[in-house]
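Student: Quick one: structure below, then a few questions.
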Amino acid sequence: MTEYTLSNGSILKNGEKVGEISRESSGMRTSSIVITGTPSFRIVRDDLGTFRIFRNEGEVGKEYRGLKLDYEGQTYEVSRRELSGFPTGMSNTVHIMSGGMTVGTITRTSTGLTASSDFNPDVMLIYMAFLAPYASGNSAPMRYYGSRRGPMPASYRIISLVLGLAALAFLGVGDGISTKFLNPLDSFAIFVVLAILSYAVRIIGRRKSSNAEAVQ
């Protein structure tokens with residue numbers, strides 16, 4: 001089994017330093033991550049928010065929101081529960097899954113992070129680099145790491161749902177409501193307005209939730 005330890009930005013293997021992890025940020029978002037050592041990695045955010053992964057300057061994979069990793073043709077992921085619990089301190093262990101099997105674990109310790117795997121040590125280094133902001137002693141979050149369709153306050157969800165249902169009613173599903181009380185053009189205009197409002201409430205709710213997480 002291969003085991004790495006991350007402490008104060010240094011990567012240790014069998015107690016010896018074998019590399020370092022550093023990052024560059026743009027505002028509150030991480031723009032790139034560099035892992036030095038053998039091999040070395042450079043992880044760069046693209047315009048779509050995806051991270052492209054380069055090993056020794058050759059592209060070998062991508063990371064998508066939710067810590068889903070495509071690396072050398074293999075897909076790796078972390079459960080949503082652990083993804084939510086690790087940054088908040090509800091859980092100190094993350095299991096890396098591939099093909100329904102656990103292929104490695106990352107554990108938060110009193111000094112940093114420990115990654116262990118019998119499978120692909122490169123993948124564990126990459127995951128450790130993404131989770132480094134949540135190591136003991138670090139407080140600055142990197143981004144997310146939840147789904148793009150993240151949680152929102154219940155009040156916003158309810159308002160959005162009510163507006164969406166009202167929009168469907170004015171669309172006149174089955175030809176009934178709109179033709180009885182309004183002409184088709186007026187009912188369609190109301191449908192468009194209500195649909196836009198429903199979507200706007202969802203966006204505001206998600207931003208409010210994201211801002212609250214960023215402050216923590």
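Student: Search the stretch 191-216 for residues that are surrounded by 17 or more Cβ atoms within 10 Å (Cβ to Cβ) and pair each with any residue that is modelled with pLDDT of 75 or more and of a type in the set (D, E, K, R) when their beta-carbon atoms are under 7 Å apart and the residues are at least 6 apart or on different chains.
Tutor: The qualifying pairs are Gly205/Arg157.
Student: Within the stretch 44-52, identify whether any single residue is β-branched (Val, Ile, Thr), under 21 Å from Thr93 (Cβ atoms) and part of a strand (DSSP E or B), and answer yes or no.
Tutor: Within the stretch 44-52, not a single residue is β-branched (Val, Ile, Thr), under 21 Å from Thr93 (Cβ atoms) and part of a strand (DSSP E or B).
Student: Could you figure out which of (1) closer than 15 Å to Met124 by Cβ; (2) out of contact with any helix residue (DSSP H, G or I) (no Cβ under 9 Å at 6 or more places or on another chain) isn't true of Ile21?
Tutor: Going through the list (1) closer than 15 Å to Met124 by Cβ; (2) out of contact with any helix residue (DSSP H, G or I) (no Cβ under 9 Å at 6 or more places or on another chain), Ile21 breaks only (2).
Student: Something else about it: Give the residues of the stretch 41-65 that are under 22 Å from Lys17 (Cβ atoms) and surrounded by 14 or more Cβ atoms within 10 Å (Cβ to Cβ), sorted by residue number.
Tutor: Of everything in the stretch 41-65, those that are under 22 Å from Lys17 (Cβ atoms) and surrounded by 14 or more Cβ atoms within 10 Å (Cβ to Cβ) turn out to be Phe41, Arg42, Ile43, Arg55.
Student: So which residues in the stretch 1-35 are under 21 Å from Ser110 (Cβ atoms) and free of Cβ contacts under 8 Å to residues at least 12 places away in the same chain, if there are any at all?
Tutor: Ser10, Leu12, Lys13, Asn14, Gly15, Glu16, Lys17
Student: Of the residues Ser116, Ser136, which is in contact with a strand residue (DSSP E or B) (Cβ under 8 Å, 6 or more places away or on another chain), at pLDDT below 75 and either surrounded by fewer than 17 Cβ atoms within 10 Å (Cβ to Cβ) or in the same structural domain as Gly61 (by TED's automatic domain parsing) (or both)?
Tutor: Ser136
The values are calculated or read from the model by the stated rules, or taken from the named source; none is laboratory data. Only a predicted model underlies this, so the values are computations on that prediction, with no experimental measurement involved. Neighbour counts run over all protein chains shown; Cβ positions are idealised from the backbone, glycine included.
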